[in-house]
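Structure record follows, encoded as structure tokens.
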Amino acid sequence: MEKQQDEFLFSLCRQAVLERVCSGASSFVAFRKKSRWKKLIAAYGQTQNGREDQKLDGDTLFDLASLTKPLCTALCVAALVSKKKLDLSTPLASLLCCRDYPVHWQQIRISDLLSHSSGLPAYREYFRQFAPLQQADNQERLFSLIAREAFEYECRTSCVYSDLGYMALGRIVEGVAEDSLADFFRATIAGPIGLEEGLAFRPIGAVPAQTRENIAATEHCPWRGRLLVGEVHDEHAWLLGGTAGHAGLFGKAPAVGELCILLADIWHGRQRHPYMDSEVLRRFLDYTSPAGPRALGFDRPSAAHSSSGDCFSQTTVGHLGFTGTSFWIDLQQDKVVVLLTNRVHPSRENNKIRQFRPWFHNCIMREISMG
């Protein structure tokens, strides 16, 4: 049965390529049976369109895009809360790194940023005010633009998914931790559980263009004027050197899946993480914002037409990434599904993943339920 399920998952990844959803797809699926996790891994395609010599496999790194928010930034906050260096009700006014922000910012609490209920707008194309160059003043210029933003709604009265809030949250983590987000994540979250090679930021300049390293290509970026291979797709994360609270994390499907398994095990009380208190993490996963359905750092399947399909329970958390990545953890049913694609390669105009994702999740969830 397990071999058949492996072959079934492989066929779904192959279908993504045949339907031109992406040039390559890598997936990790896990479910508990008889008190142990069963794991399926499959991949199909090429790291770049038309490159038959660059086969994609389970070790291929993908730009995880917004999966950075839950898997890195939210977990780093959980670690700081566990160390009592932050509190979810901490207002930004009390944080040294935010004292130069306007008064309307200072009423925001850490939980508001985590749950996308701060009042900040979803997105702004700030990068168009910058040359595509790594310059020393990029960070200060970018955050001064964010700080001047007017709120679109009163804090905690609505829920608007916001990259801006997580850019600010990444900076808060660095200020409180007195370390870079990349180094704090490696030392505190990924490193202690042996995932530092499969989940990491890639600083700008660390990977040459057109590298032969096993990394899925993303967009041919009009702003930067080149195909992106191993450098972050998100323009604002790129301006920040490749490390930001909203984007920048790269990962392999099995590493993402193993972290998801650990989160499910911690929720059930079967495992612990050395730097995250289990009760704190459960608060993050179980939380429901008064302004909307989101948990702290994590999304939940929408009531209708969810990208997760129709088979996940109400105790599911997960997230999507703009580059074509996703994970879902059904906490109650002990099921994990990770799907990593490079759907923005070579252009973000390819939106076929919108139809593919729910179909993929329905297919695999029904398959493992029968097994």
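The values are calculated or read from the model by the stated rules, or taken from the named source; none is laboratory data. Keep in mind it's a predicted model, so treat the numbers as computed, not measured. Cβ placement follows ideal geometry from the backbone for every residue including glycine, while neighbour counts extend to all protein chains displayed. Surface areas here come from the heavy atoms of the whole protein model, side chains and all, with no ligands, DNA or RNA. Shrake-Rupley method; radii C 1.70, N 1.55, O 1.52, S 1.80 Å.
Across all directions, the average projected area of the convex hull around the alpha carbons of the stretch 24-82 is 6.0 nm².
The label-point distance for Asn350 and Ala147, in a model that sets each label 7 Å from Cα toward Cβ, rounds to 4.1 nm. Near Ala78, once Lys and Arg are set to +1 and Asp and Glu to -1 for all other residues with Cβ below 14 Å from its Cβ, the sum equals +3. The share of accessible area on the chain that comes from carbon and sulfur is 48 percent, using a 1.4 angstrom probe.
Taking only the C-alpha atoms of the stretch 225-269, Rg followed by Dmax gives 14.6, 49 Å.
A probe of 1.4 angstrom, applied to the heavy atoms of all protein chains, finds Arg348 with accessible area near 70 square angstrom.
Compared with the direct C-alpha span, the chain from Asp59 to Ser35 gains 5.9 nm at full extension, assuming 0.36 nm per residue. Dividing the mean sequence gap of close Cα pairs (under 8 Å, 6+ apart) by how many residues the chain holds gives a relative contact order of 24 percent. Residues in the stretch 180-191 carry Karplus couplings, in order, of 5, 4, 4, 6, 5, 4, 5, 6, 9, 10, 6, x Hz; the curve used is 6.51 cos²θ - 1.76 cosθ + 1.60 with θ = phi - 60°, and Gly or Pro positions show x.
Over the C-alpha trace of the stretch 54-113, radius of gyration and Dmax come out as 16.5, 52 angstrom.
Three principal axis extents describe the C-alpha atoms of the stretch 251-371; from largest down they are 41, 33, 31 Å. Spatially close Lys pairs in the chain, defined by Cα atoms under 24 Å apart and a spacing of eight or more places or different chains, total 24.
With a simple spin-label model that places each label point 7 Å from the Cα along the Cα-to-Cβ direction, the separation between Glu213 and Glu279 comes to 4.2 nm.
For the set Ser115, Ser82, solvent exposure ranked by accessible area (probe 1.4 Å, protein chains only) runs largest to smallest as Ser82, Ser115. The Kirkwood radius of the stretch 293-351, taken over pairs of alpha-carbon atoms, gives through the Stokes-Einstein law at 4 °C and 1.567 mPa s a diffusion coefficient of 106 µm² s⁻¹.
Based on the alpha-carbon set only, what is the convex hull volume of the chain divided per residue, in Å³? Mind dumping the intermediate values first?
Values: hull volume 46.6 nm³, N = 371.
Taking only Cα atoms, the chain has a hull volume of 126 Å³ per residue.
Averaging the inverse of every distinct alpha carbon separation and then flipping it gives the Kirkwood radius. What is it for the stretch 112-236, in angstrom units?
Values: mean 1/r = 0.0600 Å⁻¹.
Answer for the stretch 112-236: a Kirkwood hydrodynamic radius of 16.7 Å.
Cα centroid separation, the stretch 134-203 to the stretch 41-102: 9 Å. Look at the dipole of the stretch 84-191 built from charges on Cβ: of Ser162, Pro91, Gly191, the Cα furthest out on the positive end belongs to Pro91. Once Rg and the Kirkwood radius are both taken over the C-alpha atoms of the stretch 73-168, their ratio Rg/Rh works out to 0.98. With the simple spin-label model, which puts each label point 7 Å out from Cα in the Cβ direction, the Glu197 to Ser313 separation comes to 3.5 nm.
Principal semi-axes of the equivalent ellipsoid, √(5λ) from the alpha carbon gyration tensor of the stretch 1-160, are 40, 24, 14 Å from largest down.
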